[in-house]
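Below is one structure, written out as structure tokens; comments come after it.
Read-outs: derived from the displayed coordinates by stated rules, not from any lab. Since this is a predicted model, take the numbers as computed values, not measurements. We place every Cβ from the backbone using ideal geometry, glycine too, and count neighbours over all the protein chains shown.
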Number of protein chains: 10
Amino acid sequence: MLESFPNPNPERDYQIEMTSPEFTCLCPRTGQPDFAIMRIVYVPDRLCVELKSLKLYLWSYRNQGAFHEAVTNRILDDLVAAVNPRSMTVTGTFNVRGGITTVVTVHHEWADRP
Amino acid sequence: MLESFPNPNPERDYQIEMTSPEFTCLCPRTGQPDFAIMRIVYVPDRLCVELKSLKLYLWSYRNQGAFHEAVTNRILDDLVAAVNPRSMTVTGTFNVRGGITTVVTVHHEWADRP
Amino acid sequence: MLESFPNPNPERDYQIEMTSPEFTCLCPRTGQPDFAIMRIVYVPDRLCVELKSLKLYLWSYRNQGAFHEAVTNRILDDLVAAVNPRSMTVTGTFNVRGGITTVVTVHHEWADRP
Amino acid sequence: MLESFPNPNPERDYQIEMTSPEFTCLCPRTGQPDFAIMRIVYVPDRLCVELKSLKLYLWSYRNQGAFHEAVTNRILDDLVAAVNPRSMTVTGTFNVRGGITTVVTVHHEWADRP
Amino acid sequence: MLESFPNPNPERDYQIEMTSPEFTCLCPRTGQPDFAIMRIVYVPDRLCVELKSLKLYLWSYRNQGAFHEAVTNRILDDLVAAVNPRSMTVTGTFNVRGGITTVVTVHHEWADRP
Amino acid sequence: MLESFPNPNPERDYQIEMTSPEFTCLCPRTGQPDFAIMRIVYVPDRLCVELKSLKLYLWSYRNQGAFHEAVTNRILDDLVAAVNPRSMTVTGTFNVRGGITTVVTVHHEWADRP
Amino acid sequence: MLESFPNPNPERDYQIEMTSPEFTCLCPRTGQPDFAIMRIVYVPDRLCVELKSLKLYLWSYRNQGAFHEAVTNRILDDLVAAVNPRSMTVTGTFNVRGGITTVVTVHHEWADRP
Amino acid sequence: MLESFPNPNPERDYQIEMTSPEFTCLCPRTGQPDFAIMRIVYVPDRLCVELKSLKLYLWSYRNQGAFHEAVTNRILDDLVAAVNPRSMTVTGTFNVRGGITTVVTVHHEWADRP
Amino acid sequence: MLESFPNPNPERDYQIEMTSPEFTCLCPRTGQPDFAIMRIVYVPDRLCVELKSLKLYLWSYRNQGAFHEAVTNRILDDLVAAVNPRSMTVTGTFNVRGGITTVVTVHHEWADRP
Amino acid sequence: MLESFPNPNPERDYQIEMTSPEFTCLCPRTGQPDFAIMRIVYVPDRLCVELKSLKLYLWSYRNQGAFHEAVTNRILDDLVAAVNPRSMTVTGTFNVRGGITTVVTVHHEWADRP
């Protein structure tokens, strides 16, 4: 589902940050909706994440059950599989549940990055 | 009292932050209520902190006497005992008393973390 | 429990506002703690609310079951009984529960206020 | 679906405000998700809106198509039908679409309110 | 260019607010770009302003010369012509020029509004 | 101690607001320092409050015992005696004590103001 | 020095607000610089204030001595003389001196405004 | 188009930051306007960027199609070509599209910088 | 005057931050009051600073003359003498005088800290 | 013009920050006023900057022509000449001109600082 386009400046390390305050999924235990701000920061290699397909990809969680920790890791894995970035960080900031706010931050980096 | 669940991505170092603005205990000297924001940031190993049990654990201090410095250390010790994280920081931000705000920040890390 | 002291300027209509961000009680249905900011605004007549007794009065709800709507009304009634103000407004701003924040605002005024 | 409980102080006009930042429905034209903060302010008569049923009621729009203007009016109508308040205002603050943020504010009042 | 759709609740007076932070036109004197936040607040009668056509209408000023005072009045006139609202206010908040920020607020109301 | 200067525009009703965040006095009961923001808003008649003398006047409370309600009323009385304004409001916003913030707002107006 | 241009919509009452955070003059007593945010809000009649001439007019105070109260009144008088607005308010928010911030608000209105 | 002037202190490494909240270009796919805050931070060598020519240079994108990633890289390239700075960072913060905000950060540095 | 209590967790390096917005002393040159926010951050060794004695200690400056730089250094010296912390930073943020805000930051660390 | 006083604690490295939001000079090209926040952060050696002389020194630019980059460098040079600090940073944050805000940050350090 995630689409990409060629990085216009692959010879240069630079950073792209994409933030959606509209992530929502379902709690696998209770079936109740969860809400999060999902932030993706990456250094592209050959490919960049296409904005519209990212929007659709994030929407695809709307009626799926997903735990906070697992879903943030899964989004990172899917994006890494789609564009193989030099490095990438995904941060999910989930709305308060039971009086507690949860933020999950997951990072991936090429093994040979200096 | 603190419960855990298996870390869905133990092969990866990543960070989980859980914040409750609803911590309250009693001053051991005067018996008067104290209030704090309690923030827990950790890198899980095999186990993650279960959200609902954390909520109940923090509530268990409601009618206990506890000094700011000691209670923040104790919460770290209990959480480390429960999930043995690769690293963990607990920060208690206590409401003003006598015109002074107190913030206690306690850190634990595996001895062999690079 | 609520104490008062003589209004130093009863010949003048003026306003006193007292705000505590440390109100906590228990949900009568679940037994779980609720938290609120409690704000009291009034025009004193013969008596003013004594600060320390107000603090103790608000603390007295700590282990009582109380619905948001009922407890805000009860606090107004108790304060009116204690100091018979020319007018008074009590506002309880309760922390999010089930993703919803609740604010209850209750007003009392002498029948013959212009 | 909306449930109520008896107003604990029907002899007094007072105000209840309930705010959910987690309202989401679908755009009837494009099928894409919309997001809003839904705020309800009312003066109860005999009945108050029960918090948990309100949460479930708002969640029921999750997979329904709904225009901004129509859905805000419908929520007001449903709440008025459920608790017949002396007055009520519903405000939907919808996330930016096409670079434009939309806020819809709808009010109902008893015909004979002074 | 401005399109409309039937007001889903014409029997009720209610308010719609639409805000675009992306208004830009050209200064008729210098040819230099001006930028503004354009906010429209209205009570619809039979017709509501269609969101996408509003976006295109505001974009149509992009390469037109327009003074702050005149353009804000013109936008109000065009919107009144398109949907004949019971009342409408247009506010243009223009970016600083020569160290001075300018805000123009224009109002229209049916002659027989109470 | 309070000095004045002639109002440069007595033929016009206009408003002057002077705010000091540096008011401090002593609690008459405990001898402990209290701190407040003191704000004075008035419509001058023949005389305006001289800024430097106001600063010295407010400093004169530094080592005096003064209850929140009484001192705010006294400051209003002293300023009214010094410049006889057409109307004046004094607001003292006192720092939190015992978890409670107190704001006292006192108003004076000529008996024959329309 | 103040210039004007014809009001493009004289048949309509509407409001123009112009704010400069760069007003500076000298204290007539000490010769030291004073700084203020100067805000002008008016309903134009036949004429509007020309932006560039307003900038130059405000700059003309840079090396003049001027008391806070007098200069705010004078700016209003000069602007009223230049464009004869239906109503106008000038607000000068002066930087802290001696620990005290001063705000002067001056209003003019046609004698026969409803 | 970009002009420069001699660095007044070339013997010293120091930093200049220039920020314009008024960058706008067109989406090459849809032709619709995009908006961004463009921030340039650099250490000058022999030349500094002339402010007015930078303003005109940024305006030149107004009616050009430009993708977020490509245009931020191109601005960096053009500025590097114009003033050959010791180091430079360009950050484009683009307004929300499809519910997603995009920030692109591009950096250039002399190969022999320590 | 400063009192201490035994560090409940001396085997662990952790941080305590205590902030008072109510510090006031006198300018030695003019005798006029100065105001500051005083913030103390330290890693305790065997002893922690007792909150109430810190409050009284800070109050003891109320009627003493003290320059900004000297008093911040002195507070650090007194606290180091009282509890011999592994490291400590004192920051005094002094209110604007002559249009200038001053912040003094002083640090102490054990000679053999790694 | 800049005066100094002996550093009360020369044996210790510590930091002093002085910020004036009231810096103004003239644009050498157009003669129009520029405005900036000027912030000075330094580690004193034998001498500290005297506050009142700093105020007068900054005021001395009021009617001088000065480019942003050059004047920030010159202020650093003058302060270094006056007090020979171990290190010093001067930051000038200049108000928007032509839609662009400029911040210049200049640093000086003893050649033999570790």
Over the range H:12-113, what is the percentage of antiparallel beta bridges among all DSSP beta bridges, to the nearest 5?
95
Proximal charge balance of D:V80 [Cβ under 12 Å; K/R count +1, D/E count -1]:
-1
What is the sum of charges, Lys and Arg at +1 and Asp and Glu at -1, for the other residues whose Cβ falls under 10 Å from the Cβ of B:T24?
-1
So what J values fall out for the range E:88-104 if you push phi through Karplus, 6.51 cos²θ - 1.76 cosθ + 1.60 with θ = phi - 60°, rounded to Hz, Gly and Pro as x?
7, 10, 10, 10, x, 9, 8, 4, 4, 9, x, x, 10, 8, 10, 10, 10
Step through the residues of the range F:33-48 one at a time and calculate ³J(HN,Hα) from phi using the Karplus curve (6.51 cos²θ - 1.76 cosθ + 1.60, θ = phi - 60°), rounding each to whole Hz and writing x for Gly and Pro.
x, 10, 10, 8, 8, 10, 10, 10, 10, 8, 10, x, 9, 8, 10, 10
Based on the Kirkwood radius over alpha-carbon pairs, what value in µm²/s does the Stokes-Einstein equation return for the translational diffusion coefficient of chain I at 4 °C and 1.567 mPa s?
89
Among residues other than B:S60 whose Cβ falls under 12 Å from its Cβ, what is the net charge (Lys/Arg +1, Asp/Glu -1)?
+2
Can you work out the FRET efficiency for the pair B:Q32 and J:L47, with r the C-beta to C-beta distance and R0 = 41 Å, to the nearest 0.05?
0.25
Taking chain C and dividing mean pair separation by its residue count, relative contact order in percent (alpha carbons under 8 Å, at least six apart):
29
For the rotation that brings chain B onto chain F, whose beta-carbon in chain B is nearest the axis, and what is that distance in whole angstrom?
B:V96, 3
Rounded to the nearest 20 debye, what is the charge dipole size of chain F about its Cα centre when +1 sits on each Lys and Arg Cβ and -1 on each Asp and Glu Cβ?
320
When 1/r is averaged over all different Cα pairs and the result inverted, which Kirkwood radius in Å belongs to the range D:56-114?
12.8
From the Cα gyration tensor of the range D:17-58, with a ≥ b ≥ c the square roots of its eigenvalues, which class applies: rounded if a/c is under 1.5, or else prolate if a/b is larger than b/c, or else oblate?
prolate
Which far-off residues, 5 or more places away or on another chain, put their amide H under 5 Å from the one on B:D34, with H placed in the peptide plane?
B:C25, B:L26, B:C27
How would the protein assembly as shown be classified by its alpha-carbon gyration tensor: rounded, prolate or oblate, with rounded meaning a/c under 1.5 and the a/b versus b/c comparison settling the rest?
rounded
Is there a quick way to get the dipole size of the protein assembly as shown? I mean about its Cα centre, with the Cβ of Lys and Arg at +1 and of Asp and Glu at -1; what is the value in debye to the nearest 20?
0
